[in-house]
1. Evaluate the charge dipole of chain B about its Cα centre and quote only its size in Debye, nearest 20, assuming +1 on the Cβ of each Lys and Arg and -1 on the Cβ of each Asp and Glu.
2. Note down, for the range B:15-290, the three equivalent ellipsoid semi-axes (square root of 5 times each alpha carbon gyration tensor eigenvalue), biggest first, whole angstrom.
3. Net charge around B:Arg248, counting only other residues with Cβ within less than 14 Å of its Cβ (Lys, Arg = +1; Asp, Glu = -1)?
4. I'd like the orientation of helix A:33-48 relative to chain A: the angle between its Cα long axis and the longest Cα principal axis, in ° from 0 to 90, rounded to 10.
5. Where does the longest stretch of chain B lie that holds no GluC sites (Glu not before Pro) found in a DSSP loop with 12 or fewer other Cβ atoms within 10 Å?
6. For chain A, the longest stretch holding no GluC sites (Glu not before Pro) located in a DSSP loop with at most 11 other Cβ atoms within 10 Å is which?
7. Pairing the Cα long axis of helix B:304-314 with the longest principal axis of chain B, what angle in degrees results, from 0 to 90 and rounded to the nearest 10?
8. So what is the calculated 222 nm ellipticity per residue for the protein assembly as shown, using -39500 (n - 2.57) for each DSSP H run with n of 4 or more, over all residues, to the nearest 500 deg cm²/dmol?
Amino acid sequence: MSKVTLSTEFRKVDVDELDEEKYQDEPEGGDDSDSIASREAEVKKFISGGKNFEALKAALADPPLQTKDEKAKKRNFDIVLDVLTRFKQSDVEEAVNKLNSDQVDVLMKYIYRGFAEPTENSCGILLVWHQFAVASGGVGSIVRVLTSRQTV
Amino acid sequence: MSGGGKEVHELLTEPITCHCWNGDRTKFAISPNNNEVHIYTKSGGKWELEHKLMEHTSRVTGMDWAPKGGSLVTCAADRNAYVWKYDGKAWSPVLVILRINRAATIVKWSPLENKFAVGSGARIISVCYFDEQNDWWVSKHIKKPIRSTVTSLDWHPNNYLIAASCSDFKARVFSGYVKEIEEKPSETVWGKKMPFGNVMAEFSNGGGGWVHDVSFSPSGDKLAWVGHDSSISVVNMAAGADCVATVRHTYLPYISCQFLTESSIVAAGFDCYPVLWSHDDNNQLTFVNRLDQAEKKASGQLSAMEKFKGMDKRATTTGSSDTTLDSTHQNAITQISIFAKDGTGASKFCTTGVDGRLVIWNCKSLESAIAGLKF
């Protein structure tokens with residue numbers, strides 16, 4: 001057998017990429033690392049001012065759904081998780097009730113990401129958030145976390 | 001069993017994949033989740049199994065009964081469709097070559113019954129018509145721009161346009177004008193030029209989640225569709241293509257939707273009960289009510305043993321043997337069809353589901369039973 005046939009380079013070619021009929025998602029968004037940095041500063045400002053709900057709204061606004069950059073998503077997730085864990089259990093219900101249904105859907109996505117990547121002090125408070133998010137958005141909101149291709 | 005505006009028939013223990021009624025509603029056909037088509041007829045006030053049609057070799061996925069002509073068309077996962085004719089004694093099938101390489105998913109007669117459309121997993125809609133000269137059914141394909149399985153179809157009342165729901169998250173309206181057999185169509189709100197296969201409109205519900213079902217309103221000006229992201233959408237084309245109302249609701253996703261009148265839509269799915277939505281002239285889509293009101297269960301005394309057993313096993317304090325739902329259907333509803341019409345729209349509709357039950361709902365009785373309900 002010749003040496004050439006021992007090459008395994010061809011195995012690394014993603015043949016599905018060459019399929020003309022490959023399913024393509026909606027167009028990709030641009031790079032949002034700048035907007036995430038400015039969001040982080042904004043959220044920090046609200047938190048230091050004691051305005052937890054304003055911080056939550058800022059953290060949930062316009063999440064980086066389209067980007068393929070996992071680092072940007074992770075950074076945004078860390079910002080949201082930081083806000084969620086700062087709430088006292090007794091304040092959660094009021095905060096969720098003030099959100100509109102789109103914001104609850106985004107919140108639910110972050111709650112499930114929080115369950116998927118648990119840290120030491122996040123799970124307890126996330127369960128409280130989950131309880132009130134379900135009370136507000138219903139099971140429909142959970143179904144949308146499962147079906148959406150636009151992950152947070 | 002009947003009462004409370006509904007008539008319940010417990011036909012099977014296995015799921016009913018699909019159902020259809022004949023024109024005068026004296027017979028219906030169902031598939032018991034396999035390759036058979038069962039035809040029921042009413043005798044002595046009871047529905048009796050009359051015929052079993054065994055021509056398909058895989059699971060039957062769709063069927064439709066032409067109300068006037070009386071022909072039954074069925075399609076299945078074996079990639080074939082049959083047109084069945086009844087001679088008074090037996091049903092005889094005629095094979096239709098669909099030219100698809102994946103399972104057929106849905107079949108619908110056009111309103112004039114001169115053609116039918118078959119959706120499939122091959123990302124194709126086959127529009128089939130009868131060629132008199134050659135004495136067979138010919139199929140024409142609508143391919144572009146479908147990117148995934150066609151889940152459901154609905155014909156526009158003008159006999160030319162077809163709406164298709166698709167698992168590529170889109171609902172589309174195509175032209176199904178076959179110039180070989182019919183006159184040139186006149187203009188509708190969906191557009192003027194209708195060469196075969198032309199995309200007249202394309203809609204997305206925005207959030208992802210494949211579209212389960214589409215339905216035209218009685219006039220054909222409105223289109224409703226339901227998605228797996230727990231959403232329901234309606235477009236009023238008379239007001240423009242960007243006049244889309246979408247509601248992301250708080251319930252489990254709907255599998256099926258059906259316009260009853262110009263403003264009311266009945267939808268049902270994984271929640272196991274049908275619900276009513278209304279769409280008004282200001283493009284407001286609102287939830288009206290659950291049509292199958294929860295029935296109060298007679299709660300007997302529980303022994304302490306049963307109570308703790310239930311809490312341990314199923315995290316509830318109701319009896320351990322009580323697993324029935326508070327709805328008429330005991331599992332997901334997969335199909336809604338119109339059973340009877342009156343002057344303004346549908347007056348009765350029929351649902352079947354995974355629990356093997358067939359239920360006929362009477363709109364008038366529901367209106368009087370549920371406060372504030374108006375179809």
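1. 460 debye
2. Each semi-axis is the square root of five times an eigenvalue, giving 29, 23, 17 Å.
3. Combined, the nearby Lys, Arg, Asp and Glu give -1.
4. In chain A, helix A:33-48 runs at an angle near 20 degrees to the longest axis.
5. With GluC sites (Glu not before Pro) excluded where exposed in loops, chain B gives B:1-131 as its longest stretch.
6. Free of exposed loop sites, the longest segment is A:29-119.
7. Long axis of B:304-314 versus the principal axis of chain B: about 30 degrees.
8. -7000 deg cm²/dmol, from helical runs alone.
The values are calculated or read from the model by the stated rules, or taken from the named source; none is laboratory data. Keep in mind it's a predicted model, so treat the numbers as computed, not measured. Quick reminder, even Gly has a Cβ in these numbers, built from the backbone with ideal geometry, and neighbours come from all protein chains shown. Ligands, DNA and RNA are excluded from the accessible area calculation, which covers all protein heavy atoms including side chains. Shrake-Rupley method; radii C 1.70, N 1.55, O 1.52, S 1.80 Å.
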